[in-house]
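Asks: Pasting in a structure now, in C-alpha cells, and then I'll have a few things to ask.
The numbers here are math on the coordinates, done by the rules we state, and not lab data. It should be emphasised that the depicted structure is a prediction, and the values quoted were computed from it without experimental measurement. Cβ coordinates were reconstructed from backbone atoms using ideal geometry, including for glycine residues, and neighbour counts include every protein chain displayed.
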Amino acid sequence: MRDELLRQALFPFKHQAQLANAVTSFAMCLGGIVPLLYCWLGRRQPARWMIVYACVLLTGIPTVWLHAYEGNRLASFFDVGTNILLAWAMQVAAAGDFLSKPVRTKLLAATGLLNVGVLAWLAYEVVVPVKVPVITLGEFGQFYFGEVALILNAFLVVGLFIGGYGSIPMRTRPLFHLLVATFFVGMILAAAGNSQVSLRVFAWHATWHLVGAFGFITLWFFNYMRFDEGAPAADAAGPQTPLR
C-alpha cells in the first residue's frame, strides 16, 4: 500500500505513456502556431487555409487537457470535436481550391450537417454509462465513433486533393505524396491505444502527435509552394481548376 501511494505521488498518471502523450500534445499546438507564424512573417495564404492552421492550434489545446487528465469525458468531447471541426475546415479549404462554387456548396452543406450530427452524438457519449468502440483491434487498440467519423472526414480531404491532382504544380507533387503518406502513418499510429508502448520507448499515441505536427507544418509548406508567389494569395478565391 505504501509503495502504491509512493508511486502515485512520483508518477500521478494512469499508465506509463500518459506523460509522453501529454507533453507531445504541445507539438500539436505548434503544428498550428508555426504555420500561422510563417504566414504572418512571410507571405499570407488564402483565408480558408489560415483558418485551417488556426483550427490546428484550437484542437491542440483540448488534446493537452485530455492527456493530462485521461479519462475525462468532457475533455474527450472537446478533443475529438475540435478535430472534427479541423477536418471540416480542411474540406472547406480544399473544396475552395478544386471545386466549382455550386458543387462545393452542396458538398460542404452535406458534410457540415453530418458533422453536426457527429458532434451531437459525441455530446451524448459524455453522459452515456459506457462508451462502446466501433472497431476493436484486441489489446492493441480500438476506434470509437468519433474517431471513425474523423477518419472518414480526413479521407474526404484526401479525395478532394486527388480529384484536383491535375492542377497541383508538378514541383509540389512530391510534397503532396509525403502528406498522404504522413496521413496513413498517422492513422496506423492512432489505431493503438493511448497506453500502448513498444520497445520501452516507442509510445504509439505520443508519436502520432509528433507525426501530426510534422504533417501540418508540411501542409503549410506544400501550400506555400503551390500558390503562385507572384499572385496575391491572401486574396485568392475560388478553385484553381474547378471540377464541375
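Asks: Mean-square fluctuation check for the chain, GNM, Cα pairs under 10 Å: which of ALA94, ALA123, ALA75 is largest?
Replies: ALA123
Asks: In addition: With the crude spin-label approximation of a point 7 Å out along Cα→Cβ, what separation in nm comes out for ILE51 versus VAL130?
Replies: Going by the 7 Å Cα→Cβ label model, 4.1 nm.
Asks: Only sites in a loop by DSSP and with at most 13 other Cβ atoms within 10 Å count here; which trypsin sites (Lys or Arg not before Pro) in the range 39-103 make the cut? Present the calculation step by step, with values, prior to reporting the outcome.
Replies: On the way: sites: ARG43, ARG44, ARG48, ARG73; in loops: ARG43, ARG44.
Qualifying residues, ordered by number: ARG43.
Asks: Could you run the Karplus curve 6.51 cos²θ - 1.76 cosθ + 1.60 with θ = phi - 60° over the range 214-225 and give me ³J(HN,Hα) per residue in whole Hz, x for Gly and Pro?
Replies: For the range 214-225, the Karplus curve yields 4, x, 6, 5, 5, 4, 4, 5, 4, 5, 4, 6 Hz.
Asks: Collect residues whose amide H, placed 1.01 Å from N in the peptide plane, falls under 5 Å from the amide H of LEU99; neighbours closer than 5 in sequence don't count.
Replies: Close amide H contacts, sequence-distant or interchain: LEU243.
Asks: For the chain, what's the relative contact order in percent, using C-alpha pairs closer than 8 Å and at least 6 residues apart?
Replies: Worked out over the chain, it gives 31 percent.
Asks: For Cα pairs less than 8 Å apart in space and 6+ apart in sequence, what is the mean separation divided by the residue count of the range 12-72, i.e. the relative contact order in percent? Don't jump to the answer; show the numbers that get you there.
Replies: On the way: 53 pairs, mean separation 31.5, N = 61.
After rounding, I find 52 percent.
Asks: As an exercise, use a Förster radius of 41 Å and the Cβ-Cβ distance of ALA110 and ARG173 to find the FRET efficiency, rounded to the nearest 0.05. List each step's numbers first, then the result.
Replies: On the way: r = 29 Å, r/R0 = 0.70.
Rounded to the nearest 0.05, the efficiency is 0.90.
Asks: Further question: Contact order normalised by length for the range 42-92, with contacts defined as Cα pairs under 8 Å and 6 or more residues apart; what percent is it? Walk me through the numbers before you get to the answer.
Replies: Working: 31 pairs, mean separation 24.0, N = 51.
Relative contact order, the range 42-92: 47 percent.
Asks: Then there is this: At 1.567 mPa s and 4 °C, plugging the Kirkwood radius over alpha-carbon pairs of the range 17-229 into Stokes-Einstein gives what diffusion coefficient in µm²/s?
Replies: Numbers: Rh = 17.8 Å.
Rounded to a whole number, D works out at 73 µm²/s.
Asks: Something else about it: What is the Cα centroid distance between the range 130-147 and the range 39-100, reported in whole angstrom?
Replies: What the calculation gives is 23 Å, centre to centre.
Asks: Additional query: Counting other Cβ atoms within 10 Å of each Cβ, which trypsin sites (Lys or Arg not before Pro) in the range 91-170 have at most 16 and sit in a DSSP loop?
Replies: On the way: sites: ARG104, LYS106, LYS131; in loops: LYS131.
In loop regions of the range 91-170 (DSSP not H, G, I, E or B), the sparsely surrounded trypsin sites (Lys or Arg not before Pro) are LYS131.
Asks: May I pose another question? If Lys and Arg each add +1 and Asp and Glu each add -1, what is the summed charge of the other residues whose beta carbon sits under 15 Å from the beta carbon of LEU219? Don't skip to the end; give the middle numbers.
Replies: Values: positive: ARG48, ARG173, ARG226; negative: ASP97.
Summing Lys/Arg as +1 and Asp/Glu as -1 gives +2.
Asks: Can you list the chymotrypsin sites (Phe, Trp or Tyr not before Pro) in the range 135-167 that are in a DSSP coil and have 15 or fewer other beta carbons within 10 angstrom?
Replies: Details: sites: PHE140, PHE143, TYR144, PHE145, PHE155, PHE161, TYR165; in loops: PHE140, TYR144.
Qualifying residues, ordered by number: PHE140.
Asks: Same structure again: For the range 65-113, what log10 I(q)/I(0) values come out of the Debye formula at q = 0.14, 0.23, 0.31 1/Å, with one point per alpha carbon and no solvent?
Replies: With one equal scatterer per Cα and no solvent, log10 I(q)/I(0) is -0.47, -0.76, -1.07.
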